[in-house]
Structure formats: C-alpha cells, structure tokens
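Peer 1: To start, I am sharing the structure in question, which I have written as structure tokens.
The values are calculated or read from the model by the stated rules, or taken from the named source; none is laboratory data. Note that the structure is a prediction, hence the values are computed from the model and not measured. Every residue, glycine among them, receives a Cβ derived from its backbone with ideal geometry; neighbour counts consider all protein chains shown.
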C-alpha cells in the first residue's frame, strides 16, 4: 500500500427538506401509501408542465453560502434522458452546464488524538434535480411494482473535486457534509430513509503519475458502508494492478453482506444521457438581494462557532471542532456551559465529549435522546467546580442522573449523602480510626515501605466512602505519620 | 457533417425505437437533411453572443413551497393497464 496513492471524489444526493416537490405541489412526506403523493406532474401525464419550487432554490442558496461558493445568478435546467419505469417522463430534470452552486469547500478533521489533522475538500458544484420513483422487484406475478411517491422529490447533488486520499478522509468529509446540511436545515439527513446518499469515485496511482482509471461505487447510505466499500475497492484495484491487470472504468455496487463491490455496468454500456436544456423550464435567475436576504437569515456556521468556542471558552482547536461537529452537540455544550458557568467551560467540554459521549456510545444512543439533559450535566459540573463533590463522586452522580434516580445533581448529592467532606476535624477523626485499625501497615510505612502509605490513603478514602478530598486526606495522613 | 447508419441505429436504440433496416436508411436521409439545416445555422457568426437556454428571454417563475395536490390515486390508476396494492405494475425490470 505504501507506494500507491489513492484518489477519491464524492457525489452526494441530499434530499431537500421542502414540503412539496421540486416541480409539483405534491407532498414529499416520507412513508405514505404507494402513489398517494404522485400527482399528474409526477406521473408525467400528457400536457403537464413543471413549475419550480422556490423553497428548493432557497435550500440551494443556503448551501452555497454555507460552503463559500458562488451562487450562479443564472442557471439552467436540463433533461437527462434514460429509460426506466420509475422515471415516467423518460428523462430526469437536472442541471448540467450551468449549475446553481459553483465551487466552495468543506473543512474536515480526520483521525483522532495524536494523529488528528485538518484538510479542506473543494467542491466542484452543486445542482438541483428531481428524484426518481421506486421499483419493487418482489414478485407481482412476474412483474415489477412502481411507487412514484418519491418521483419529483427535490435533491441537491453535491460534487467534490478528487481531493480525498483515504476512506477515513472520505468518511470525515461525508460526516462534515451531513452535519452541515442538517445544521442549515436543508436536509433531514436521514440515511435509512435515503435522504442522504453518497457515490464514491475511487482510483489509485503511483505517486506523481497521472490519475488512474476510476470506478464509481453507487448509493452508499451509511458511513460504515462508505468506509468498507472504499477500503475494499482500494485493495481490489491495487491487487489487480499489481497482478498485471488493468482497471476498466465501471459503475459498481457495494454488497454489505459480502463486503465486496461488484460491477453494475462498464463504460461500454454506460448511459448516454443526451443532456439538453429543458424547453419546459426557463432559466433560473437568482437576484443579488435574494442571496443577501438568505445570507442574513443563516445561523452561525460551524467554522464561525468553532472560532467563537476557542475565543470565548478557551477550548483547543480539537475540542472546538468536536463540539461543532453538529448543531445538536454545539447547542448541548452551550446549554451545559450556561448552567455550569463560563469558568467551567473546559470541564464542560470534557464531560460532553468524553463521559457523556462514552455513555451514549455504550447504550447506542444519540445525543438527542440522552437521558441526561444539558441542564442536568451543567448542574453536575457546577458542583465539581465549587468543590461540593470530587470528580470520582461526580461519575457516580452522573450514572445516577443517567438512571433517573433524581431530577438534578443537587438532589442526588443530597439524597445519597455524597457531599464532599472538607471539615478537616471530621477527616482527622476518620484517619485516626484507620490508623488504629491498620497498625501493621503503619509499622511497614515507618520501616520505610512507601507503598504502605498509598494503601493507607486507600483505606482512608474507603472509610469516607470516597467523599473526602483525596488531596486533603493525603496531607493530613502525612502530618499524622511524620 | 453527416450521420452514419451506425449512429442512427445507436440513437434509435437509446430512444428505445425499434427500426428496420429500410427505416434506418430512410431516417438517415431525413436526419442528414436536418443536419444540413443546422450546418447553415452554424455558419452564422455568433462570436460574442451569449447562448440562450430558451427561445424566450424571460426568467423562470417560481411557486411557493406549498402542498396543493391531493391524493387522486384512484382516478389515475383507473386508466392504468395494471395495478396492485397501490403500485403500477410493469414488465419486470432488474438492472
């Protein structure tokens, strides 16, 4: 693998979060009974005409602004011709020569811990188009069933430059893009329902050599499949080339069951789409003031929020990036800090990124359905900050909050008597008891065994049920034994 | 520029039109006639003129993002050749 360079570009279809379809007034709601949301335009009945949805254009403008792209003042819809029963017109309305969004970039953070690095993925374009319907191939007396509810659903196809050089970078990009489209509210990002699907163009070459022949992996609808499919494809291409074979340009499908990709069609039988401007649609003109109004209505974007988190909360670049990976996590973090206080911003970051994240992971839960709310977590961090409880006890309180044993950290601390003992008189008394009960250890320590001291600290902490401040116990114990 | 018979067959295949050999040849003649018209148009000097995407020089009108269509499946499917469980049935297609 060392002497091969991997080149990856990604095309993403993001379903836009409009109420109605891109060229008709039919609903786009998911899960309706077959063909109940397919109107005359979606069915391509004779004489119907498409009328463009302002909401879909607005989504494209939002996206273009969010990635720093150019919003084309004039763009054109084209017909992409092919025959398939779930495409009743015999063509898909898309954009070809003049797309609505040109250029732009997405910043990604790849890897974790020491190996983490940042990279910019440049975008070629993003264009508006309509989705096709669905074909159901299970047996209808040897026929296929067609559901056209999805036909005409607005999509934004987002195309990158071949800027990524590993599956990790590809996944980091897909995740960043997924977070961004949800952040700006143009796509619900539901991958199971097909609202966000990726195609990966993969090729390999010797460093410095011209680009190798690429194969396109179609329709990857999870980050895990994206990673697996690309890894398999890279291995397969390198092995093929090292065995003296040649890569043939092809479209392939990933089979999650076998973990392999298989050829769907080769260049020879690739579609010839015969694009031409759709005479049913006039050029889309986007005046400057529409772009400016949209810009003014955009929420604070991830990059700006990251800079603010670093400046206002003193977070590292890594922490700030992690906490702005999605709008949910950013909002959760800020709500936590709002309760815990700005002085505790750094411990809040740790609790959200480490403790909470690990606990969510363990239960396979999303942040949105975390049993511990931001306000509860903030209340907990506040009690660590003011020395009411130690970090160790805090983990117990967190677990209790998670299990719903109380409405707030304060309530649990009170109910379960977890308040840290800071009264040195009380601690000294406990230490005296421990020393009396562990005379052998005391003797060992006095004979020069340093290890015995740690054992005594352990005994003292146990006697206080972990509620004493460990540092204080340490100091008092030292004093008593000297 | 003139078309070849092979190109005529390819376009017919892409358009899913079944043509016979003699139809291919007569179509070739028709299409080449059209091509000579296009050639005449292409001889016009269009330097510095921005291509139009549409014959009418006006902008696309937009509709508000509102659901205006109701479910009319029963009416649409009444004229469909074959339906089942709300689906349109077509000859089996698997890519």
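Peer 1: Among the candidates B:75, B:15, B:55, which residue alone is within 19 Å of the chain's Cα centre (by Cα), closer than 25 Å to residue A:43 by Cβ and at the interface with another protein chain (Cβ under 10 Å from one of its Cβ atoms)?
Peer 2: Of B:75, B:15, B:55, the one residue that is within 19 Å of the chain's Cα centre (by Cα), closer than 25 Å to residue A:43 by Cβ and at the interface with another protein chain (Cβ under 10 Å from one of its Cβ atoms) is B:15.
Peer 1: Scan A:409, A:368 and give me the residue that is surrounded by fewer than 17 Cβ atoms within 10 Å (Cβ to Cβ) and modelled with pLDDT under 95. Quick ask: steps written out before the conclusion?
Peer 2: Values: A:409 fails: surrounded by fewer than 17 Cβ atoms within 10 Å (Cβ to Cβ).
Going through A:409, A:368 in turn, just one is surrounded by fewer than 17 Cβ atoms within 10 Å (Cβ to Cβ) and modelled with pLDDT under 95: A:368.
Table: residues versus (1) away from every other protein chain (no Cβ under 14 Å); (2) more than 30 Å from residue A:215 (Cα to Cα); (3) touching a helix residue (DSSP H, G or I) at 6+ places or on another chain (Cβ under 7 Å); (4) in a strand (DSSP E or B).
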| site | (1), (2), (3), (4) |
| --- | --- |
| A:7 | yes, no, no, yes |
| A:11 | yes, no, no, yes |
| A:18 | no, yes, yes, no |
| A:24 | no, yes, yes, no |
| A:29 | no, yes, no, no |
| A:34 | no, yes, no, no |
| A:37 | no, yes, no, no |
| A:45 | no, yes, no, no |
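Peer 1: Answer yes if at least one residue in the range A:451-470 is within 21 Å of residue A:351 (Cβ to Cβ) and in a helix (DSSP H, G or I), and no otherwise.
Peer 2: Yes, there is a match, as at least one residue in the range A:451-470 is within 21 Å of residue A:351 (Cβ to Cβ) and in a helix (DSSP H, G or I).
Peer 1: Okay, moving on. Might you let me know whether the range B:22-30 holds any residue that is exposed (fewer than 10 other Cβ atoms within 10 Å of the Cβ) and farther than 23 Å from residue A:88 by Cβ?
Peer 2: Within the range B:22-30, the subset exposed (fewer than 10 other Cβ atoms within 10 Å of the Cβ) is B:22.
From the residues that got through so far, the ones that are farther than 23 Å from residue A:88 by Cβ too are B:22.
Yes: one or more hits.
Peer 1: Inside the range A:70-87, can you point out the residues that are more than 9 Å from every other protein chain (Cβ to nearest Cβ) and in contact with a helix residue (DSSP H, G or I) (Cβ under 8 Å, 6 or more places away or on another chain)?
Peer 2: A:70, A:71, A:73
Peer 1: Considering each of B:45, B:65 in turn, give the residue that is in contact with a helix residue (DSSP H, G or I) (Cβ under 6 Å, 6 or more places away or on another chain) and assigned to a loop (DSSP other than H, G, I, E, B). Walk me through it before giving the result.
Peer 2: Details: B:45 fails: in contact with a helix residue (DSSP H, G or I) (Cβ under 6 Å, 6 or more places away or on another chain).
One residue alone meets the criteria, B:65.
Peer 1: Could I ask something else about it? For residue A:417, work out the one condition from (1) in a helix (DSSP H, G or I); (2) farther than 20 Å from residue A:344 by Cα; (3) at pLDDT below 90 it doesn't fulfil.
Peer 2: (1)
Peer 1: Based on this model, can you work out whether residue A:60 counts as at the interface with chain B (Cβ under 10 Å from one of its Cβ atoms) and outside any loop (DSSP other than H, G, I, E, B)? Before the answer, list the steps.
Peer 2: Details: at the interface with chain B (Cβ under 10 Å from one of its Cβ atoms): no; outside any loop (DSSP other than H, G, I, E, B): yes.
Considered against the rule, which asks whether it is at the interface with chain B (Cβ under 10 Å from one of its Cβ atoms) and outside any loop (DSSP other than H, G, I, E, B), residue A:60 comes out as no.
Peer 1: Follow-up. Would you check which residues across the range A:181-203 are farther than 11 Å from residue A:14 by Cα and assigned to a helix (DSSP H, G or I) and list them?
Peer 2: The first filter runs over the range A:181-203 and keeps only residues farther than 11 Å from residue A:14 by Cα, leaving A:183-185, A:192-193, A:199-203.
Answer for the range A:181-203, where residues must be farther than 11 Å from residue A:14 by Cα and assigned to a helix (DSSP H, G or I): just A:183.
Peer 1: If you don't mind, another one. So in the range A:90-115, with the set limited to residues that are within 14 Å of another protein chain (Cβ to nearest Cβ) and surrounded by fewer than 21 Cβ atoms within 10 Å (Cβ to Cβ), which one is nearest to the chain's Cα centre (by Cα)?
Peer 2: Looking at the filtered set, the residue picked out is A:94.
Peer 1: Hey, among A:76, A:57, A:41, which residue is crowded, with 17+ Cβ neighbours inside 10 Å, out of contact with any strand residue (DSSP E or B) (no Cβ under 9 Å at 6 or more places or on another chain) and at pLDDT 95 or above?
Peer 2: The conditions single out A:41.
Peer 1: Does residue B:90 count as without any contact (Cβ under 8 Å) to a residue 24 or more places away in the chain, assigned to a strand (DSSP E or B) and either closer than 21 Å to residue A:276 by Cβ or at the interface with chain A (Cβ under 9 Å from one of its Cβ atoms) (or both)?
Peer 2: Against the criterion (without any contact (Cβ under 8 Å) to a residue 24 or more places away in the chain, assigned to a strand (DSSP E or B) and either closer than 21 Å to residue A:276 by Cβ or at the interface with chain A (Cβ under 9 Å from one of its Cβ atoms) (or both)), residue B:90 qualifies.
Peer 1: Next question. The conditions are (1) within 9 Å of chain B (Cβ to nearest Cβ); (2) under 30 Å from the mean Cα position of the chain (by Cα), and residue A:65 fails exactly one of them. Which is it?
Peer 2: Single failed check for residue A:65: (1).
Peer 1: Give A:431, A:427 a once-over and let me know the one that is in contact (Cβ under 8 Å) with a residue 12 or more places away in the chain, part of a helix (DSSP H, G or I), in contact with a strand residue (DSSP E or B) (Cβ under 7 Å, 6 or more places away or on another chain) and under 24 Å from residue A:388 (Cα atoms).
Peer 2: A:427
Peer 1: For the range B:5-21, which residues satisfy the criterion of being at pLDDT 90 or above, surrounded by 10 or more Cβ atoms within 10 Å (Cβ to Cβ) and in a loop (DSSP other than H, G, I, E, B)?
Peer 2: B:17, B:19 - these are the residues of the range B:5-21 that are at pLDDT 90 or above, surrounded by 10 or more Cβ atoms within 10 Å (Cβ to Cβ) and in a loop (DSSP other than H, G, I, E, B).
Peer 1: Of everything in the range A:391-411, what is over 21 Å from residue A:337 (Cβ atoms) and touching a helix residue (DSSP H, G or I) at 6+ places or on another chain (Cβ under 7 Å)? Give them in sequence order.
Peer 2: Listed by number, the residues that qualify are A:400, A:405, A:406.
Peer 1: I need a count of the residues in the range A:438-467 that are in contact with a strand residue (DSSP E or B) (Cβ under 7 Å, 6 or more places away or on another chain) and touching a residue at least 60 places away in the same chain (Cβ under 8 Å).
Peer 2: 1
Peer 1: Which numbered condition in (1) within 14 Å of chain B (Cβ to nearest Cβ); (2) crowded, with 16+ Cβ neighbours inside 10 Å; (3) closer than 30 Å to residue A:295 by Cα is the only one that residue A:182 fails?
Peer 2: (1)
Peer 1: Among the residues of the range A:116-161, what is the count of those that are within 13 Å of another protein chain (Cβ to nearest Cβ) and part of a strand (DSSP E or B)?
Peer 2: 14
Peer 1: Continuing with the same structure: Return only the number of the condition from (1) within 30 Å of residue A:278 (Cα to Cα); (2) more than 14 Å from chain B (Cβ to nearest Cβ); (3) free of Cβ contacts under 8 Å to residues at least 40 places away in the same chain that residue A:213 does not satisfy.
Peer 2: Of the numbered conditions (1) within 30 Å of residue A:278 (Cα to Cα); (2) more than 14 Å from chain B (Cβ to nearest Cβ); (3) free of Cβ contacts under 8 Å to residues at least 40 places away in the same chain, the odd one out for residue A:213 is (1).
Peer 1: From (1) within 14 Å of chain B (Cβ to nearest Cβ); (2) more than 21 Å from residue A:70 (Cβ to Cβ), pick out the condition that doesn't hold for residue A:174.
Peer 2: With (1) within 14 Å of chain B (Cβ to nearest Cβ); (2) more than 21 Å from residue A:70 (Cβ to Cβ) applied to residue A:174, the lone miss is (1).
Peer 1: For the range A:279-314, enumerate the residues that are more than 9 Å from every other protein chain (Cβ to nearest Cβ), in contact with a strand residue (DSSP E or B) (Cβ under 7 Å, 6 or more places away or on another chain) and in a loop (DSSP other than H, G, I, E, B).
Peer 2: A:286, the sole residue that qualifies.
Peer 1: Here are some residues: A:374, A:400, A:385, A:335. Which one is within 25 Å of residue A:318 (Cα to Cα) and more than 28 Å from the chain's Cα centre (by Cα)? Explain how you work it out, then say what you get.
Peer 2: Details: A:374 fails: more than 28 Å from the chain's Cα centre (by Cα); A:400 fails: within 25 Å of residue A:318 (Cα to Cα); A:335 fails: more than 28 Å from the chain's Cα centre (by Cα).
Criteria check complete, one pass: A:385.
Peer 1: Among the residues of the range A:233-278, which ones are in a helix (DSSP H, G or I) and in contact with a strand residue (DSSP E or B) (Cβ under 6 Å, 6 or more places away or on another chain)?
Peer 2: Result: A:233, A:234, A:237, A:238.
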